[in-house]
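The structure appears right after this line, and notes come after that.
Bear in mind that the values in this text are calculations on the coordinates, not laboratory data. Here the structure is a predicted model, which is why all the values come from computation and not from measurement. Cβ sites come from the backbone with ideal geometry, for glycine too, and all protein chains shown count toward neighbours.
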Amino acid sequence: MRTRHRTTRPVRTTRPVRSARPVRTARLLGSLLLVAAAGVSSFAAAPAPSGAAEAPLTPLGRIVPAPMKAEAGGAGYEITARTRIRVGSPEERRVGEYLAKVLRPSTGYELPVTTGEGGDGIRLRISAEPENKVLGGEGYRVISTRGSLTITSWSDAGLFHGVQTVRQQLPAAVEKKTKQRGPWRVAGGTIKDMPRYGYRSTMLDVSRHFFTVDQVKHYIDQAALYKMNKLHLHLSDDQGWRIAIDSWPRLATYGGSTQVGGGKGGYYTKAQYKEIVAYAASRHLEVVPEIDMPGHTNAALASYAELNCDGVAPPLYTGTAVGFSSLCVKKDVTYDFVDDVVRELAAMTPGEYLHIGGDEAHSTSHEDFVAFMDKVQPVVAKYGKKVMGWHQLAGAEPAEGAVAQYWGYDRTGAAEREQVVNAARNGTKLVLSPADRSYLDMKYTADTPLGLSWAGLVEVRRSYDWDPGTYLQGVPADAVMGVEAPLWTETLSTSAHLDYMAFPRLPGIAELGWSPAATHDWEQYKGRLAAQAPRWDALGIGFYRSPQVPWPAR
Ligand code: TNX
């Protein structure tokens, strides 16, 4: 059995973190352009160096991800005991209720959500006016004046993202669950915002360690704060099968009965899975479920002997090695199994994609891997979904419309990279999750008590300081659909563990997915990031206090 993760060169955990490029004038200018002053300095202002007294960022200047355009002006709207949240349609009402739920406990105000007309208060409007339409299906505008705060969008997703922006403009205490002192003022001015990419994802590995429905919901809430719009759930792996499949019940009841380290594991019933999907949808995230195949399948192979080429079921596995398991590519029953699983999973997944894994199939020959993918991709299409796969899919024949998820890193071999680049040139879309940038399970430093280090150490700056648009040389810019921050859980078993590894890196990947490339600038980003800390404290998120970031004193 393999105990080493990669096929590439041996891992050096002490590898120095590459120093990032100097701030380019063009970039700085780009971010300056985003702010029309009106006497208010905004997020283009570089924060004071770590340790020095901080000049507090203005509310408009501390938003993460950085908005496309923010113009300060006027006194702005103050939420008071008299504030009403004015909505019209049921979609507007849903977003209004969500906003009210965020604001009520800390402000102590009633904040009725009302359909009554009126010019004052907080107004949420979905409208197809051209100025909303140009901002697309997720963009929004916020206008804050003395008398009213208006969020408009072409869609409810855009309204929801606008609410996240407004939330970040209020004092951090707004996130607390008990009554706090105001005032609750939203800075005056106008924000126009829309995402750079339509695919902004985080992955949670619920297989290596199982996480309950409530824990997953908690993670969804955190991703929604930063305008992510996909939740990739890694539902099966060697150590556990986490989703009930009626036609193969032992997958969950037996294959899900343990986890890394030998704990009791668990699985989601269909009702629970649907509950996660619905909760994610209420936060405007689409669930992308993954069944990893043909490798990473020990839990399935242990549950059903007939899935093994030799007809013998292996024992359940609770270690952390990879690459030792494979479905039996030559047996017909394998494709009955795949058909049933994909059919049942697709039927309870409203989203567009179904992820079929395909990584680290070290116990499957290349020929078998290609044959397997040729047979399995049409099954996904048959049940109405688009194929996603890890980038090894590029080594087979990606189906029309398939999306490959790149998880290589600086030491990924040229041949492997080239395969991905060629696939992209031939029309395969890419989601980028480079392991030495966006993997939230990589240790920050050699001293990080949790996580792995096979891709190197990933401090906050390294995680943020890359451009998805130019990252893979030779890939056409429009082949990049977006980014993902995967959170693998070999070493993580509690929500506190997830918090510590995801924060502060998750907001950085979210920003790479959302913000215009022109806003990219570590020196000012680190100031905005630092300004998030009181919010995380208020939300009870225990984050890593990276020395690279000028955190405010507690
Ligand atoms: C690689 S990324 C894996 C996972 C591990 C992860 C740990 C990928 C497609 N495969 O099986 O959990 O590294 O960082």
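The table below lists the values:
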item	result
For residue 140, net neighbour charge (Lys/Arg +1, Asp/Glu -1) across residues whose Cβ lies under 14 Å away	+1
Sites residue 375 and residue 425, calculated FRET efficiency, Cβ-Cβ separation with R0 30 Å, nearest 0.05	0.75
Rounded, prolate or oblate (a/c below 1.5 giving rounded, otherwise prolate when a/b exceeds b/c) for the stretch 242-400 by Cα gyration tensor	oblate
Alpha-carbon centroid distance for the pair the stretch 147-226 / the stretch 463-504, whole angstrom	19
If the convex hull is drawn through the Cα atoms of the stretch 174-327, its volume per residue in Å³	146
Global size of the stretch 381-520 as Cα Rg and Dmax, reported in angstrom	15.5, 48
Per-pair calculated FRET efficiency, R0 = 60 Å: residue 365 and residue 81 via Cβ, rounded to 0.05	0.30
Euclidean distance between Cα centres, the stretch 270-301 to the stretch 389-406, Å	19
q = 0.20 Å⁻¹, the stretch 341-458: log10 I(q)/I(0) [Debye, one scatterer per Cα]	-1.09
Packing rank of 436-442, 310-316, 78-84, where each peptide gets the mean count of other beta carbons within 10 Å, highest leading	436-442, 78-84, 310-316
Cα→Cβ-extended label distance, 7 Å offset, between residue 213 and residue 281, nm	1.5
Largest-first principal axis extents, alpha carbons of the stretch 165-243, Å	53, 35, 13
On Cα atoms only, tilt of 505-514 relative to the major axis of the chain in degrees	80
Coordinate range along principal axes, alpha carbons of the stretch 191-282, Å, largest first	52, 27, 21
Taking 210, 369 and counting other C-beta atoms within 10 Å, the order from fewest to most	369, 210
Rounded if a/c under 1.5, otherwise prolate or oblate - the chain, Cα gyration tensor axes	prolate
Exposure proxy order (Cβ contacts within 10 Å, fewest to most) of 543, 503, 372	543, 503, 372
Exposure proxy order (Cβ contacts within 10 Å, fewest to most) of 333, 186	333, 186
Normalised per residue, the volume of the convex hull around the Cα set of the stretch 70-138 (Å³)	130
Estimated 222 nm signal from helices in the chain, with DSSP H stretches of n ≥ 4 weighted -39500 (n - 2.57), rounded to 500	-9000 deg cm²/dmol
